[in-house]
Amino acid sequence: MTEASTIHIVGGGLAGSEAAWQIAEAGHRAVIHEMRPVRRTEAHQTEGLAELVCSNSFRSDDPNGNAVGLLHQEMRTLGSLIMRAGDAHQVPAGGALAVDRDGFSEAVTAALAAHPNVEIRREAIDELPPESWGSTIVATGPLTAPGLAEAIRGLTGAESLAFFDAIAPIVHRDSIDMDKAWFQSRYDKAGPGGTGADYINCPLDREQYDAFIAALIAGEKTSFKEWEASTPYFDGCLPIEVMAERGPETLRHGPMKPVGLTNPHNPTVKACAIVQLRQDNALGTLYNMVGFQTKLRHAEQVRIFRTIPGLENAEFARLGGLHRNTYLDSPRLLDATLRLKARPALRFAGQITGCEGYVESAAVGLMAGRFAVAEAEGRPLAPLPQTTALGALIAHITGGHVEAEDEGAPRSFQPMNVNFGLFPPLERMPRNETGRRLRGPEKAALKKRALTDRARADLAAWLGGDAPRAAAE
Ligand SMILES: Cc1cc2nc3c(=O)[nH]c(=O)nc-3n(C[C@H](O)[C@H](O)[C@H](O)COP(=O)(O)OP(=O)(O)OC[C@H]3O[C@@H](n4cnc5c(N)ncnc54)[C@H](O)[C@@H]3O)c2cc1C
């Protein structure tokens, strides 16, 4: 075994705790710098590590039909402390894994405090970690303290660290009805890397548009938390329902403008408004609804957006939202092992990298810990296959997202949960025993099963063909 190294971790949340555990279990020393209780955030209530600030759910625990359930399984296989504590403090929640938040956080804190390779320092880090620390993981989360956030911004550039997200919904490409929608760029303009047919367009006639505007205005919205309300995000990215409230014609002169586009299914009729969707990932499996950031409740978004022609059966990989959130433009800034290209001794993990959610943040922490260990030991770590949930998530953060090239467009990388749209498509659609072509829910279930079986096989191969039994169970 190589000599033990010391790796510093700033932030003892979901990601930092998991990263520290992976480092300590590999025989290296992990020093966690956590600012609570010396300083609080607007959302955390306790001084426990890995505190869950809102819901107590890790979402679906189904490893065969759900991408986050598969992620749970992969993390258990890799010895995750977050999953171990979650399983030990489970509360009844149907097919979801929900946890007793206090018991969970106490278990994570106790396991780390008792580990001989872990030191926990309660202090706020208000500047960039000193170079003398060497390998350091920054996992300070969506509510990173302002001093450190400003220091990171100084290093990466003002545009590279956002303080809020303005999320437009993302749709699975294969759920869009192309008998109604069509591919075309406005005025057939081929931008950098484009073909002139880069957007998916969904047309609305006057009646459909008027009904859509009325639904947006009447739709139920989520409210801002007190401390979010003062975040100045509204200038560049108004929620679409706010635009609709400014006047019925506002949206068709803004993100829904119908100019420069001709519907090949109905070329003689001019659409009243057009919704455009832009490719969101390099795989071409996900498309985002351009300019559709919104505070509508999730169920309302699904109901209202499915009235758009072509999106009647849309499956959403992500729904819209606006939140206070500190996160990097990771696809540009981080290398494949989550190191800051401008200063490779710094690695980032958790929600600050642009993943979303407790489980995803912990998963990125898990990989950051393993990458740091491999580097400390001077051995290369083969990239995780993108066909696994962990690999799909890391690939998206470190390069899978496709940036919008339109002139004046805001930066388009926005936080996202793990979902099957981040996985490379299957080479062949599976068939059932009868061999006939499948449709609807049966097809969807078989496809998810094939994707998760492929992920398990590829993770086992990555682990040296000897995945622990937990993976198979
Ligand atoms: C209001 C709110 C509600 C949310 N609700 C949900 C939800 O219901 N479900 C869900 O899955 N996700 C939710 N999230 C997202 C969730 O917070 C993250 O997914 C997850 O906690 C991120 O893990 P993390 O480790 O990256 O950050 P965190 O868990 O936030 O951990 C970061 C840690 O870093 C510490 N820290 C920050 N700055 C410094 C500093 N300068 N020096 C030292 N320590 C520092 C903080 O005290 C904190 O302990 C919510 C987020 C917010 C803000």
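What follows draws every value from the coordinates through simple rules; no lab data is involved. Given the structure is predicted, the values throughout are model-derived calculations rather than measurements. Counting neighbours? That spans all protein chains shown, and the Cβs are built from the backbone with ideal geometry, glycine included.
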Starting from the Cα-Cα distance between Ala4 and Arg84, subtract it from 0.36 nm times their residue separation and give me the gain in nm to one decimal.
26.3 nm
Hits among lysines - C-alpha to C-alpha of Lys225 under 23 Å, sequence gap 8 or more where chains match:
Lys295
The chain: relative contact order from alpha carbon pairs under 8 Å, six or more residues apart, as a whole percent, is 21 percent
Potential extension, Arg246-Asp174 segment - 0.36 nm per residue separation minus Cα distance
22.5 nm
Rounded to whole Hz, the Karplus (6.51, -1.76, 1.60) HN-Hα couplings of the range 162-171, x for glycine and proline:
8, 10, 8, 10, 10, 9, 9, x, 10, 10
Shape of the range 51-178 from its Cα gyration tensor (a ≥ b ≥ c, root eigenvalues): rounded if a/c is under 1.5, otherwise prolate when a/b > b/c, or oblate?
oblate
Packing-ranked peptide list from 151-160, 277-286, highest mean Cβ count within 10 angstrom first, is 277-286, 151-160
Peptides 23-32, 125-134 ordered by average Cβ neighbours within 10 Å, highest first
23-32, 125-134
If I take every Cα pair under 8 Å that is 6 or more residues apart in the range 56-148, average their sequence separation and divide by the length, what percent do I get for the relative contact order?
21 percent
At a threshold of 8 angstrom on Cα-Cα distance, excluding pairs fewer than six apart, so keeping six or more, what relative contact order does the range 167-323 reach in percent?
42 percent
Please give, to one decimal in nm, the separation of the simple spin-label points placed at Gln45 and Glu315, each 7 Å out from Cα toward the Cβ.
3.6 nm
Ordered by residue, what ³J(HN,Hα) values in Hz, to whole numbers, does the range 328-336 give under the Karplus form 6.51 cos²θ - 1.76 cosθ + 1.60, where θ = phi - 60° and Gly and Pro are x?
8, 7, 4, x, 8, 9, 9, 8, 5
Per-residue ellipticity at 222 nm attributable to helices in the chain (runs of n ≥ 4 DSSP H, -39500 (n - 2.57) apiece, nearest 500 deg cm²/dmol) works out to -9000 deg cm²/dmol
Can you list the aspartates and glutamates whose alpha carbon sits under 16 Å from that of Lys189, skipping same-chain ones fewer than 8 residues off?
Asp198, Glu405, Asp406, Glu407
